[in-house]
1. Given (1) modelled with pLDDT of 95 or more; (2) open to solvent by less than 60 Å² (accessible area, probe 1.4 Å), where does Val10 come up short, assuming only one miss?
2. Checking Glu32 against (1) charged (D, E, K, R); (2) over 15 Å from Leu85 (Cβ atoms); (3) open to solvent by less than 70 Å² (accessible area, probe 1.4 Å), only one condition comes out false. Which one?
3. Before we move on, is Ala47 small (Gly, Ala, Ser), more than 20 Å from Asp88 (Cβ to Cβ) and open to solvent by 50 Å² or more (accessible area, probe 1.4 Å)?
4. I want to confirm something. Restricting to the range 54-88 and keeping residues that are surrounded by 15 or more Cβ atoms within 10 Å (Cβ to Cβ) and among the basic types (Lys, Arg), which single residue is nearest to Gly40 (Cα to Cα)?
5. Only one of (1) at pLDDT 95 or above; (2) under 12 Å from the mean Cα position of the chain (by Cα) is not met by Thr68, so which one is it?
6. Could you check the range 35-44 and list, in sequence order, the residues that are open to solvent by 70 Å² or more (accessible area, probe 1.4 Å) and either assigned to a helix (DSSP H, G or I) or touching a residue at least 60 places away in the same chain (Cβ under 8 Å) (or both)?
7. Could you check how many residues of the range 44-56 are touching a Ser or Thr at 6+ places or on another chain (Cβ under 9 Å) and not charged (D, E, K, R)?
8. Would you tally the residues in the range 46-75 being closer than 18 Å to Cys24 by Cα, in a helix (DSSP H, G or I) and polar (S, T, N, Q)?
Amino acid sequence: MDISACAAVVEAAGLRKPRTEFPCGLTEREVEVLRLAARGLSNRLIAAELVLSERTVGHHLAHIYDKTGRRTRAGAAVFAMEHGLLPD
């Protein structure tokens, strides 16, 4: 089953989008930041992509590092790959 396709149908029907459970208690926004960081984007580029401040991106990355037990972007990227958080 394609989860994103199902979510799109639910959203198009005007229903509430089902909440996705992410590993280590990551939030949906943290996963968005993690995906972009794993692609090698700087905090500035992540902020521009998600319409956030650079400081907010830094806070999200700090929470990602704390929750996943990783201390570098490379480590966080490996975590994302190991848990299937990166798009195909």
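The values are calculated or read from the model by the stated rules, or taken from the named source; none is laboratory data. Every value quoted in this text rests on a predicted model; they were computed, and no experiment measured them. Methodologically, a virtual Cβ is constructed for each residue, glycine included, from the backbone with ideal geometry; neighbour enumeration extends over all protein chains shown. Please note that ligands, DNA and RNA were not included when accessible areas were found on the heavy atoms of the full protein model with its side chains. Shrake-Rupley method; radii C 1.70, N 1.55, O 1.52, S 1.80 Å.
1. (1)
2. So the condition that Glu32 fails would be (2).
3. On the way: small (Gly, Ala, Ser): yes; more than 20 Å from Asp88 (Cβ to Cβ): yes; open to solvent by 50 Å² or more (accessible area, probe 1.4 Å): no.
So Ala47 fails the test.
4. The extreme case among them is Arg73.
5. The single condition Thr68 does not satisfy is (2).
6. Correct list: Arg35, Arg44.
7. First pass over the range 44-56, keeping only residues touching a Ser or Thr at 6+ places or on another chain (Cβ under 9 Å): 47, 50, 54.
Keeping just the survivors that are not charged (D, E, K, R) gives 47, 50.
Residues flagged as touching a Ser or Thr at 6+ places or on another chain (Cβ under 9 Å) and not charged (D, E, K, R) within the range 44-56 amount to 2.
8. Start the filter on the range 46-75 by keeping residues that are closer than 18 Å to Cys24 by Cα, which leaves 59-75.
Right, trim to in a helix (DSSP H, G or I) and you get 59-68, 73-75.
Remaining after also requiring polar (S, T, N, Q): 68.
So the count comes out to 1.
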